[in-house]
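Take a look at the structure below.
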Amino acid sequence: MSLRDRLAQQPSGYDFTIGRILAIYAGLMVTLLLAALDQTIVATALPRIVGDLGGITQYSWVFTAYMLTSTVTVPLYGKLGDAYGRKYLFLFAIVVFLLGSALCGAATTMTQLVLFRALQGIGAGGLFPLSLAVIGNIVPPRDRGRWQGLIGAVFAASSIIGPAVGGFIVDNASWRWVFLVNLPVGGLALAVISVTMPRRARRTQHSIDWLGAAVLSGGTGTLLLGLVWGGRQYSWTSVHVVGALVAAAVLIVAFAFVERRAREPILPFEILRNPIVAGSVACMALVGMAMFGTISYVPLFVQGVIGTSATSSGVVLTPLMLGAVTTSLLTGQLISRTGRYRWNAILGPVVLTVGMLLLWRMDTSTTNGQAARNMVVAGIGIGSMMQVFVLSVQNAVPRAHIGSATALTQFGRQMGATLGVTIMGVVVNNGLPASVRSGGEGAIVHRLPPAGRAGLAHALHPAFFAAAIVSLLVLVIAVVWVKEQPLRQSLDEVAAADAAAGTP
């Protein structure tokens with residue numbers, strides 16, 4: 001049965017034709033272009049930014065600040081979207097993101113840049129969960145593989161231009177345009193979302209767990225502070241590091257108690273009793289850890305070890321995105337045709353592990369072509385998992401909780417990415433040669449002497465090997481917990497399943 005036929009059989013009041021779905025998708029794609037450009041352009045340009053503003057040991061904080069705020073706001077966006085609708089939340093998220101981008105472009109110190117990246121992350125936290133939740137509300141589960149695969153492919157395809165544009169900007173103009181380029185794209189996103197996305201016609205009263213959100217933010221923030229400080233600013237046994245980690249543990253435990261008493265918890269822990277949901281969220285977290293750690297440090301390897309320009313190092317990320325684009329499109333089509341998704345969850349981590357091991361073996365003799373080949377393999381692994389874990393969660397929960405459940409998967413992905421970049425940053429910085437860490441050679445990363453290049457390669461190797469281990473953990477969890485569950489072919493089936501479970 002075609003999607004057109006399935007849409008014709010939806011419940012009364014369902015008025016999303018293929019034309020209207022395509023119009024809404026246009027808005028989502030333009031919005032996700034913002035996230036794609038930001039993540040890849042900044043990764044490519046950051047070595048030059050650090051060289052200008054100083055402090056290679058603060059390299060990871062530019063990513064960590066962004067990921068921290070975008071992570072802790074994801075559950076709140078999901079809950080508010082379920083309660084009050086998603087259109088105006090989208091517009092708010094885009095405006096905050098653009099404000100942060102403008103301020104990043106005006107930053108004069110690394111401290112300012114980190115703070116403005118945190119503001120940018122507050123807006124970015126709503127882009128992915130709101131987009132995927134909209135898909136869950138308007139497209140039947142059997143067809144979500146195709147449509148979510150398209151979202152993943154658009155995100156990856158738009159990311160292809162990011163590294164090249166970022167490198168070109170850094171080599172030919174001020175790095176500040178890396179952030180300012182978001183402004184015209186964001187203006188287009190605001191216009192398209194305003195026109196295409198419908199607003200909720202009926203509102204109901206809900207209780208928002210603001211206390212839970214605040215405690216979760218505090219626990220996550222202190223945990224990351226402890227990890228970043230440890231072995232760098234302070235020793236692991238110092239009062240600062242131990243105090244931060246203890247505070248994180250206390251706040252996380254307190255968060256569990258707060259959520260048990262909350263009328264409407266910020267994180268829907270009850271759905272985690274479903275092993276498919278729990279396993280999928282864990283896999284999303286680990287994939288985010290491996291993926292973002294790789295994207296963050298491959299440009300540094302290419303510029304610092306291979307010794308190429310920022311433009312060339314940006315092109316190295318393109319094969320990863322191409323591999324992800326092609327694989328995401330193909331697997332999305334196959335899932336919709338066959339109704340099966342578990343094979344993706346098993347094959348993807350295997351390929352990703354191979355790709356990470358190839359990256360781990362790179363050294364000073366590695367060429368741009370070899371690095372590109374390795375990134376293609378990693379991209380294929382990532383692309384085959386782009387939509388499968390979100391799809392498995394959305395198919396396993398009632399429709400009324402799709403927004404919160406989707407936000408939970410993105411929270412896991414973002415939390416994994418934040419921890420991954422932070423932990424890899426600690427590992428890399430601890431392994432850096434003293435001359436590079438001090439900033440003397442780090443000021444011009446792509447002109448390191450042979451000894452500096454060898455030292456930088458040695459420092460980056462453990463990060464790539466850790467990503468390979470993480471990919472293997474994804475495979476184990478997927479085999480044990482992410483079981484096959486038939487994809488429902490219409491929203492009537494979803495409604496019937498919700499009614500049987502007592503969910504409105």
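The values are calculated or read from the model by the stated rules, or taken from the named source; none is laboratory data. Predicted model, so just to flag it, every value in this text is computed and none were measured. Because the Cβ atoms are built from the backbone with ideal geometry, glycine has one as well, and the counts that use them run over all protein chains shown. For accessibility, only protein heavy atoms count, side chains too; no ligands or nucleic acids. Shrake-Rupley method; radii C 1.70, N 1.55, O 1.52, S 1.80 Å.
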**Message:** Defining a contact as two alpha carbons under 8 Å apart and six or more residues distant in sequence, what relative contact order in percent does the stretch 215-295 show?
**Reply:** 25 percent
**Complete:** Sorted by accessible surface (1.4 Å probe, heavy atoms of the protein chains only), largest first, 259, 264, 270 come out as 270, 264, 259
**Asked** Pulled fully out, how much extra length does the chain show between residue 458 and residue 253, if you take 0.36 nm times their separation in residues and subtract their Cα-Cα distance?
**Response** 70.0 nm
**Item:** Nearest-0.05 FRET efficiency for residue 400 and residue 273, computed from C-beta distance (R0 22 Å)
**Value:** 0.85
**Request:** Normalise the Cα radius of gyration of the stretch 301-413 by 2.2 N^0.38 Å (N = residues in it) and let me know the number.
**Result:** 1.28
**Asked** Any idea how far apart residue 23 and residue 95 come out in nm if each label point goes 7 Å out from Cα toward Cβ?
**Response** 2.4 nm
**Complete:** P(r) over all Cα-Cα pairs of the stretch 324-475, 5 Å bins from 0 to the longest distance, whole percent per bin, short to long, reads 2, 9, 14, 16, 17, 14, 10, 8, 5, 4, 2, 0
**Prompt:** Residues with beta-carbon under 10 Å from that of residue 79, excluding residue 79: net charge, scoring Lys, Arg +1 and Asp, Glu -1?
**Reply:** -3
**Request:** Using a cut-off of 14 Å between beta-carbons, work out the net charge of the residues near residue 295 (Lys and Arg +1, Asp and Glu -1, residue 295 not included).
**Result:** 0
**Request:** Between residue 260 and residue 137, with labels modelled 7 Å along Cα→Cβ, what's the label distance in nm to one decimal, could you check?
**Result:** 3.3 nm
**Debye intensity ratio in log₁₀ form over the Cα atoms of the stretch 383-427, taken at each q of 0.19, 0.29, 0.33 Å⁻¹** = -0.64, -0.98, -1.08
**Asked** Let a ≥ b ≥ c be the square roots of the eigenvalues of the Cα gyration tensor of the stretch 338-384; is it rounded (a/c under 1.5), or, if not, prolate (a/b larger than b/c) or oblate?
**Response** prolate
**Fill in**
Computed over all unlike Cα pairs, the Kirkwood hydrodynamic radius of the stretch 82-131 in Å stands at 11.3 Å
**Asked** Given a 1.4 Å probe, how much area per residue of the stretch 301-404 is accessible, in Å²?
**Response** 32 Å²
**Two-site FRET efficiency, residue 171 against residue 214, from Cβ-Cβ distance with R₀ of 45 Å, rounded to 0.05** = 0.55
**Fill in**
Note: residue 84 to residue 191 extended length (0.36 nm per residue) minus current alpha-carbon separation gives 36.4 nm
